[in-house]
Structure formats: C-alpha cells, structure tokens
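Below: one structure, written as structure tokens.
The values are calculated or read from the model by the stated rules, or taken from the named source; none is laboratory data. Note that the coordinates shown come from a computational prediction; the quantities given were computed from them, not determined experimentally. Glycine also receives a Cβ, built like all others from the backbone with ideal geometry; neighbour counts cover every protein chain displayed.
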Amino acid sequence: MKNLRELFLCLILTLPTLALETRDIFTNTTQTRRPAVNEDFEMALGLGGCAGFLLGPNIGGSAAHCKKSGTLKSGMALRDSLPDDGRIGRTLEIGSAGTYDYWIFEIQWTGGAVPHGMHVIPSIHIEKDQLKVGSNEVADKIFTLGFPVDISHGKLIHSWGYGKSNGTDNWLKNNISLINGNSGGGIWRYSDNMLVSIVSGGPHAFGQPGWNNNDWNDPKHWNVGSAMWKIYQKSPVLKDIFPGGINKFKNGIWAMEAVSLAHWIRNITQGR
C-alpha cells in the first residue's frame with residue numbers, strides 16, 4: 001500500500017499542467033513546434049519570407065504586410081522540395097496592416113491548374129462566439145503553418161497554442177510560437193480547420209533581447225493576428241467565397257474551368 005501511495009504521489013507531481021506550466025514558447029520545439037507532415041501541406045503556400053494559404057483553386061491569402069509580386073510555392077512543392085509552381089497575380093482585396101492585416105490575391109499556376117493534392121480552407125470564423133478563447137484548459141487549440149526563421153531553413157513548420165482574446169479589437173491574441181517567417185500564415189482551429197486568424201505580429205523580432213524567453217502564460221509575450229470574423233464583416237470577397245462561413249469551392253465548384261474562375265475574379269474585382 002505504501003508503494004502504491006508513493007507511486008500515486010510521483011504521478012501527480014510529474015503530471016504536466018497546461019495552465020501552470022512555465023513553457024518558453026520558442027525553445028521547446030518538440031512541445032510547441034514540429035516539421036509539417038502530411039495534410040499540413042494541403043492548404044499552405046510559401047511566399048518567400050512569408051506564409052500564405054489557399055482560399056480557392058487560384059485564390060490565395062496572406063497578411064497585408066506580406067504583399068509582394070513574383071512567384072510562390074504550393075504546399076505540394078514545399079512538401080516535395082520542388083521549384084516555385086505559381087505566380088502572384090492581381091490583388092483582389094487588401095486591408096491595412098495596422099488594423100485589418102489581410103491580403104487576398106489571384107494565383108497563376110505554372111501548370112495551368114492548382115497542383116494535385118492541394119485543398120481549399122473548408123470554413124472561416126464569421127461570428128465571435130464560434131471560437132473558445134481564454135485559459136489553456138478551456139480554449140480551442142489552434143495552429144499555424146509557416147517558416148519561423150530560427151528553425152525553418154525553408155521547411156514548413158507546424159506551431160500550436162491557444163486563442164487568448166475574442167478579437168473585438170480586431171486582433172486575436174494567442175500563445176502560439178510565432179516569429180519572423182510566420183507572418184501571413186493562416187491560423188486554424190485544430191478540430192475542423194476553420195480559419196480563425198492570420199499571423200500578423202508580436203512583441204519581439206528574431207534576435208532581439210528576450211525573443212526566445214517567453215512564458216506562454218504571460219500576456220506580455222503573446223502574439224497577435226487579425227480576427228477573421230472581423231475581417232469577414234467588411235470583406236465582399238470573403239463573403240462571396242464563404243457564404244455562411246463555408247467555402248463554396250470545397251465541393252463541386254472546386255473543379256471550375258479556368259475561364260469560369262477568371263470570370264468570377266473579374267466580377268469580384270469590379271464589384272459586380
């Protein structure tokens with residue numbers, strides 16, 4: 001009986017506690033970050049210095065402060081270490097980096113169509129209460145895909161944490177491990193891949209004193225991203241792609257002919 005009590009005490013003392021554990025957001029790589037695997041690649045884009053995500057067959061998303069021209073990589077090209085396989089086309093909609101940090105753009109695929117294996121984001125956060133935020137025990141688990149400069153070396157990295165605010169001030173605070181190279185990546189809910197935010201910024205840049213000494217329970221160390229439900233309220237493009245929050249390209253229209261999709265993009269950019 002004594003041995004059983006000792007064993008029970010040992011288990012209690014060594015049991016990890018999410019709420020009280022002092023965890024450095026960045027250096028506990030195996031706990032909060034890992035290389036992307038399998039389905040991680042299906043919705044991700046690499047923009048060269050920033051991350052992005054696939055909204056439609058040839059429609060991409062990222063952060064406004066990541067806006068650029070030139071080429072990009074699909075998730076399949078990232079997975080298989082292939083050359084760039086797309087080019088950034090017209091900007092369909094863009095917000096302000098200081099308020100609504102989002103950018104929606106056309107993608108011109110080198111092969112003429114979205115690479116096989118890619119999938120659109122299935123749904124988007126459109127109402128504040130859809131996402132549980134707060135303490136680690138009650139909040140929905142969320143994740144992002146990007147290229148954190150300290151460990152990526154050009155490889156896609158999966159990072160996770162929890163939402164800490166509901167975005168009423170336009171920003172979703174979170175304790176995901178985010179640093180330079182994560183910008184523009186989507187932030188998804190683990191349970192259903194609902195897009196809830198876009199990585200925007202945080203208290204430190206890579207290399208600044210204290211950049212890698214961040215307790216994920218300390219609000220001073222949390223990062224921020226634009227809240228998708230706030231962006232959705234003001235975005236005609238997102239409302240068209242996600243009627244009722246569900247991606248209209250997810251089934252059936254996913255295989256639209258290029259000319260039909262081009263017509264849709266023209267209508268969107270001209271405000272129909």
Subject >> Check on residue 159, outside the structural domain of residue 54 (by TED's automatic domain parsing), modelled with pLDDT under 95 and buried (at least 22 other Cβ atoms within 10 Å of the Cβ) >> reply: yes
Original post:
Residues in segment 60-117 that are surrounded by 16 or more Cβ atoms within 10 Å (Cβ to Cβ) and touching a helix residue (DSSP H, G or I) at 6+ places or on another chain (Cβ under 7 Å): how many?
Top reply: 17
**OP:** Answer yes if at least one residue in segment 234-250 is without any contact (Cβ under 8 Å) to a residue 12 or more places away in the chain and not in a loop (DSSP other than H, G, I, E, B), and no otherwise.
**Re:** yes
Original post:
Could we say that residue 226 is among the small types (Gly, Ala, Ser) and more than 15 Å from residue 186 (Cα to Cα) here?
Top reply: no
**OP:** Working only within segment 118-135, note down all residues that are surrounded by 18 or more Cβ atoms within 10 Å (Cβ to Cβ) and free of Cβ contacts under 8 Å to residues at least 60 places away in the same chain.
**Re:** 133
Subject >> Number of positions in segment 81-105 that are in a loop (DSSP other than H, G, I, E, B), aliphatic (A, V, I, L, M) and either under 17 Å from residue 233 (Cα atoms) or touching a residue at least 40 places away in the same chain (Cβ under 8 Å) (or both) >> reply: 1
**OP:** Test residue 138 against the stated conditions and say whether it is among the aliphatic types (A, V, I, L, M), out of contact with any helix residue (DSSP H, G or I) (no Cβ under 6 Å at 6 or more places or on another chain) and either surrounded by 18 or more Cβ atoms within 10 Å (Cβ to Cβ) or closer than 15 Å to residue 224 by Cβ (or both).
**Re:** no
**OP:** Specify the residue that is nearest to residue 174 (Cα to Cα); the eligible residues are those in segment 78-132 that are in contact with a Phe, Trp or Tyr (Cβ under 8 Å, 6 or more places away or on another chain) and hydroxyl-bearing (Ser, Thr, Tyr).
**Re:** 123
Original post:
Any idea how many residues of segment 162-187 are crowded, with 24+ Cβ neighbours inside 10 Å and either hydroxyl-bearing (Ser, Thr, Tyr) or at negative phi (or both)?
Top reply: 13
Original post:
Among (1) in contact with a helix residue (DSSP H, G or I) (Cβ under 6 Å, 6 or more places away or on another chain); (2) not in a strand (DSSP E or B), where does residue 169 come up short?
Top reply: (1)
Subject >> Residue count, segment 182-208 (criterion: assigned to a loop (DSSP other than H, G, I, E, B), small (Gly, Ala, Ser) and at pLDDT 90 or above) >> reply: 4
**OP:** Would you please list the contacts, defined by Cβ atoms under 9 Å and residues six or more apart or on different chains, that run from a residue in segment 33-53 that is surrounded by 15 or more Cβ atoms within 10 Å (Cβ to Cβ) to a residue that is among the polar types (S, T, N, Q) and in a loop (DSSP other than H, G, I, E, B)?
**Re:** 33/177; 43/193; 50/182; 50/183; 51/182; 51/183
Original post:
Wholly within segment 1-80, which strands (runs of 3 or more DSSP E) include no fewer than the required count, namely at least 1 residues that are under 14 Å from the mean Cα position of the chain (by Cα) and either of a type in the set (Val, Ile, Thr) or modelled with pLDDT of 95 or more (or both)?
Top reply: 44-46, 51-56, 59-62
